[in-house]
1. Here is a list: 66, 77, 20, 114. Which entry is surrounded by fewer than 19 Cβ atoms within 10 Å (Cβ to Cβ) and touching a Pro at 6+ places or on another chain (Cβ under 8 Å)?
2. Does the stretch 136-143 contain at least one residue that is of a type in the set (Lys, Arg), surrounded by 13 or more Cβ atoms within 10 Å (Cβ to Cβ) and farther than 28 Å from residue 169 by Cα?
3. Where residues in the stretch 114-132 are charged (D, E, K, R) and within 13 Å of the chain's Cα centre (by Cα), which of them is farthest from residue 148 (Cα to Cα)?
4. Please enumerate the residues belonging to the stretch 96-111 that are part of a helix (DSSP H, G or I) and surrounded by fewer than 18 Cβ atoms within 10 Å (Cβ to Cβ).
5. Within the stretch 25-46, work out how many residues are touching a His at 6+ places or on another chain (Cβ under 9 Å) and assigned to a helix (DSSP H, G or I).
6. Being small (Gly, Ala, Ser) and either modelled with pLDDT of 95 or more or part of a helix (DSSP H, G or I) (or both) is the filter; apply it to the stretch 164-186 and report the residue that is nearest to the chain's Cα centre (by Cα).
7. Return the only residue of 80, 11 being within 22 Å of residue 151 (Cα to Cα), touching a residue at least 12 places away in the same chain (Cβ under 8 Å) and either touching a helix residue (DSSP H, G or I) at 6+ places or on another chain (Cβ under 6 Å) or assigned to a helix (DSSP H, G or I) (or both).
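The values are calculated or read from the model by the stated rules, or taken from the named source; none is laboratory data. Remember, predicted model here, so these are calculated numbers, not experimental data. As a convention, Cβ positions derive from the backbone with ideal geometry for all residues, glycine included, and neighbour counts pool all protein chains shown.
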Amino acid sequence: MTAHLIRDAALFHFARDGYEGASLRAIADEVGIKKPSIYAHFSGKDDLFLHTLAHAFKDVQRRTLEYFRDHADLPLEQRLKGLLIWFEQEYNCNASARFMLRMCYFPPLSLYSEVMDMVYPFLDGMERSLSRLLQKATCKGELQAVPAEQAAIAFMTFLDGITVEIIYGSSRRYRKRIEASWPVYWYGIHHLKQEAQPFVPKGDLSS
């Protein structure tokens, strides 16, 4: 139980202050233990950071799946565009989403490889889930036959392109880019040809 309390406190501090700014002493104080007690559960700051980040990725993945389950009755366009709005809300209200997103953009250099080993499988999993969603929408007649993998990768590229506004910009700038870019994406996937050559990324980022 103490390990979970330490991890939860660390999540807040890492999300707010980053790896360099977070203090083990402050984390211990929040839990109500002495700093050396952390080492009974984690080998050090790096170990605590990586365990906490792994938990954050799992939490965001779980909440994303819940979003799609909770909105399964909405038309596809509303679900996909709504995901963009929901994602900003998660960043503002959920420490796991804030921590995860910041580490995707600003991983500590000393742990870069370890962080990317979490980032890439998460992104690949998102692409696969979106691809399946688009394939189902095609079967239901919500979309014409489209290369689902290509449309899913394009959506993730779109999301990546506007997400920077969450960190550097403002809600107004983020929403402005959604409203400007969404019609282009939605129009585009309706005019993709199934026989078009799909984009295939080189290599497997999850390997």
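1. Numbers: 66 fails: touching a Pro at 6+ places or on another chain (Cβ under 8 Å); 77 fails: touching a Pro at 6+ places or on another chain (Cβ under 8 Å); 114 fails: touching a Pro at 6+ places or on another chain (Cβ under 8 Å).
Answer to the selection: 20.
2. Initially, the stretch 136-143 is screened for residues of a type in the set (Lys, Arg), giving 136, 140.
With surrounded by 13 or more Cβ atoms within 10 Å (Cβ to Cβ) added as a condition, the list becomes 136.
If we keep only those that are farther than 28 Å from residue 169 by Cα too, we end up with 136.
Yes, the stretch 136-143 contains a residue that is of a type in the set (Lys, Arg), surrounded by 13 or more Cβ atoms within 10 Å (Cβ to Cβ) and farther than 28 Å from residue 169 by Cα.
3. Initial filter on the stretch 114-132 (charged (D, E, K, R)): 114, 117, 124, 127-128, 132.
Going one step further and asking which of them are within 13 Å of the chain's Cα centre (by Cα), we end up with 124, 127.
Working: 124: 14, 127: 10 Å.
Checked the stretch 114-132; the qualifying residue farthest from residue 148 (Cα to Cα) is 124.
4. Start the filter on the stretch 96-111 by keeping residues that are part of a helix (DSSP H, G or I), which leaves 96-105, 109-111.
105, 109, 110, 111, listed by residue number.
5. The qualifying residues number 3.
6. 171
7. Numbers: 11 fails: within 22 Å of residue 151 (Cα to Cα).
That would be 80, the only listed residue that is within 22 Å of residue 151 (Cα to Cα), touching a residue at least 12 places away in the same chain (Cβ under 8 Å) and either touching a helix residue (DSSP H, G or I) at 6+ places or on another chain (Cβ under 6 Å) or assigned to a helix (DSSP H, G or I) (or both).
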